1. Is it the case, given these coordinates, that Val127 is under 39 Å from the mean Cα position of the chain (by Cα), of a type in the set (A, V, I, L, M) and surrounded by 15 or more Cβ atoms within 10 Å (Cβ to Cβ)?
2. Which ranges mark the strands (runs of 3 or more DSSP E) fully within region 118-207 that have 1 or more residues being touching a strand residue (DSSP E or B) at 6+ places or on another chain (Cβ under 6 Å) and more than 28 Å from Phe6 (Cβ to Cβ)?
3. Taking region 130-148, which residues are within 33 Å of the chain's Cα centre (by Cα), among the β-branched types (Val, Ile, Thr) and either under 11 Å from Gln99 (Cβ atoms) or modelled with pLDDT under 95 (or both)?
4. Quick check on region 244-265: of everything there that is surrounded by 22 or more Cβ atoms within 10 Å (Cβ to Cβ) and of a type outside the set (A, V, I, L, M, F, W, C), which residue is nearest to His347 (Cα to Cα)?
5. So, of the residues in region 238-265 that are part of a helix (DSSP H, G or I) and of a type in the set (S, T, N, Q), which turns out to be farthest from Leu26 (Cα to Cα)?
6. Is one or more of the residues making up region 218-237 outside any helix (DSSP H, G or I) and either in contact with a Pro (Cβ under 9 Å, 6 or more places away or on another chain) or free of Cβ contacts under 8 Å to residues at least 12 places away in the same chain (or both)?
7. Return yes when Lys277 is more than 22 Å from Leu172 (Cα to Cα) and of a type in the set (Lys, Arg) and no when it is not.
8. Considering only residues that are touching a Ser or Thr at 6+ places or on another chain (Cβ under 8 Å), under 19 Å from Thr77 (Cα atoms) and at pLDDT 85 or above, which ones fall in region 45-64?
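The values are calculated or read from the model by the stated rules, or taken from the named source; none is laboratory data. Note that the structure is a prediction, hence the values are computed from the model and not measured. Ideal geometry is used to build each Cβ from the backbone, glycine not excepted, and the neighbour counts take in all protein chains shown.
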Amino acid sequence: MQKIIFLKYGELSTKKDNRNYFLKILHNNIQKKLKNVEIKYDYGRMFIIPSLEDFDKTILKLKKIFGIHEIVIGYKTLNKDVEDIQNNIIELLKNKKFQSFKVEVKRSNKSYPYDSMTLRKMLGAFVLKNIQNIKVDVNNPEIIINVEIRVNEILIYFDEYKGSGGYPVSSLGKGLLMLSGGIDSPVAGYLAMKRGIKLEAIYFESPPHTSQKALEKVMSLAQKLAVYNNDIKLHVINFTAIQEAIYKNIPHEYLITIMRRMMYRISAIVSARINAKVIINGESIGQVASQTLTSISAINEVIKTPVIRPVACLDKLEIIDIARKIETYETSILPYEDCCTIFVPDHPVINPEKSKCVEYEKLIDYESLIYEAVKTRKVITLKEEEEQKFTNIL
């Protein structure tokens, strides 16, 4: 018997004619994450053979790769004789302590001489005969003995781990995440990656009003997301001149609305330059003044690029639960302000008028300011457990 890890696809198995496209991308993503392993796959399973000392480490890495429904530690044998299957099961159960069990058989090889029900009974009877003080419990067994009869091999396994599900990252194109230092946007990025979107991120800094610590906080969040994305390019926009022009010339109740319109314009330009199909952000309906439906409509109208809001209909506690799960929460609550919070007026408008937005924007030369901000953006490539690579775009 050979000890292996194999993967169950879940949602990918519904793709029919497109399944091979998704499986190739999943294979490539796993190959990037895992070094020095053998990977083979077919329409039913993907097989991974790490060195014996790397099994636990491999499982942990696989749990953070989207497109995997379940991760299984199993044993493969090429001998299909029933007696050999029975003896292999007893050998594998030697070091397991249990009082109840059941047998599950899946027979994808329809030419096998026994059907699933017959083989299940034969294997269950053999276990009862050879192991003392145990019983069959089909409803709540302590251990489930899984046997898969495949065309080229037999799989026996007991231990299954839940994967992250979703689609393999990059299988559905690229998106640009508007990444702030808050709780919501990293969660939005995580949920977008789960649907197969490869991420780059954009961050708006406003020195000296925002600190180097605020940038480092966002870089840390991006690096946590890079675990699922293989790497993330973070586009850092110097927003100081735009923000100061808005603060000096725009009625203060409209500060946030106009600021967000400028951010959307810049994000749309950067999206086009990196061939991203969508913009992603952490807006949650009604959470703050700029996230009422009226505000979202007034802000969104300045661009044609589609905007995805994965957390739009989640409440704050639901978002926090996901942030804790993906280990971004503790970083997000560090007390370093971003440019969305430093100039918040006492009474921001919650139902902005689009005509007023257009009128107020005429008070500043925002097109030249945006051009300069995009031209001087800084790109930081963040990779999991590797040094960041800094690149200036001039």
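1. Numbers: under 39 Å from the mean Cα position of the chain (by Cα): no; of a type in the set (A, V, I, L, M): yes; surrounded by 15 or more Cβ atoms within 10 Å (Cβ to Cβ): yes.
Considered against the rule, which asks whether it is under 39 Å from the mean Cα position of the chain (by Cα), of a type in the set (A, V, I, L, M) and surrounded by 15 or more Cβ atoms within 10 Å (Cβ to Cβ), Val127 comes out as no.
2. Per the criteria, 174-178, 198-205.
3. Correct list: Ile143 only.
4. Here the residue is Tyr254.
5. The residue in question is Asn249.
6. There is no residue in region 218-237 that is outside any helix (DSSP H, G or I) and either in contact with a Pro (Cβ under 9 Å, 6 or more places away or on another chain) or free of Cβ contacts under 8 Å to residues at least 12 places away in the same chain (or both).
7. no
8. Answer for region 45-64, where residues must be touching a Ser or Thr at 6+ places or on another chain (Cβ under 8 Å), under 19 Å from Thr77 (Cα atoms) and at pLDDT 85 or above: just Ile48.
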